[in-house]
Amino acid sequence: MKTFFTQPIGQLGRQNSLGFVGINVVLLVVGFGEIDVPIGLENFINFLWGFSLFSIILAGYYLVKDQVPDYWREASAILGGVIIVGTLLEISSPEYNTDNGGFAPMYFLWAFNSLIYVFTMRGTGIFRPVYEYLSIFGYISIIIWSGADVFFDYAIPESIQPIFGIGWIAMVIGLGYGSYVAWGDKMSSGTE
């Protein structure tokens, strides 16, 4: 157990990137398949989602630390903290999550900061271009979806919500698998 929690940051980033993709696949199957799961299992899956995203965000700084200023380390820690605390609040307050639009501000903050991150890293060779473009499309769709709720108290019509679902899938591939590949490239080059 100790080796799992004290492993090198590259291995942690790769494992949680695959975990993030896998958990999102499970969430898509459960959400779109209308499969009923016990509330405890649903909360556990949501916790794993938040923890994997938290780990990707924290490991992301070490992936690009030669390209960004040092204060990005603290900013990454704060953003990761927002994600994990928001996830825990979402788990503990399901009535808030469903009655009041959920945690759209958390998703907006995360997507906005992640979009800045992708634009900053664009063209540096750290992330392959296909994952950059998928991430950009995904983050912009999340910003539009969550921003409509946060700033305008507007619910996106159900007829165009599949577009945002495609954006979410693009983000999962771009962030999840893109980070996995980027860590693999970094570890194989011996610069970790």
Pair list, Cβ < 9 Å and 6+ apart or interchain, from region 145-158 residues that are β-branched (Val, Ile, Thr) to residues that are in a loop (DSSP other than H, G, I, E, B) and surrounded by 11 or more Cβ atoms within 10 Å (Cβ to Cβ) | VAL150/GLY101
For region 159-192, enumerate the residues that are outside any helix (DSSP H, G or I), free of Cβ contacts under 8 Å to residues at least 24 places away in the same chain and of a type outside the set (Ser, Thr, Tyr).
-> ILE160, GLY190
Residues of region 76-122 being in a loop (DSSP other than H, G, I, E, B), at pLDDT below 80 and in contact with a helix residue (DSSP H, G or I) (Cβ under 8 Å, 6 or more places away or on another chain), which ones?
-> GLY101, GLY102, PHE103
Within region 144-163, the residues that are surrounded by 17 or more Cβ atoms within 10 Å (Cβ to Cβ), among the hydrophobic types (A, V, I, L, M, F, W, C) and within 23 Å of VAL25 (Cβ to Cβ) are TRP145
Quick one: in region 104-143, of everything that is within 16 Å of LEU53 (Cα to Cα) and of a type in the set (Ser, Thr, Tyr), which residue is surrounded by the fewest Cβ atoms within 10 Å (Cβ to Cβ)?
-> TYR107
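The values are calculated or read from the model by the stated rules, or taken from the named source; none is laboratory data. Computed from a predicted model, the values in this text were never measured in an experiment. With ideal geometry, Cβ positions are generated from the backbone for all residues, glycine too; neighbour counts draw on all protein chains shown.
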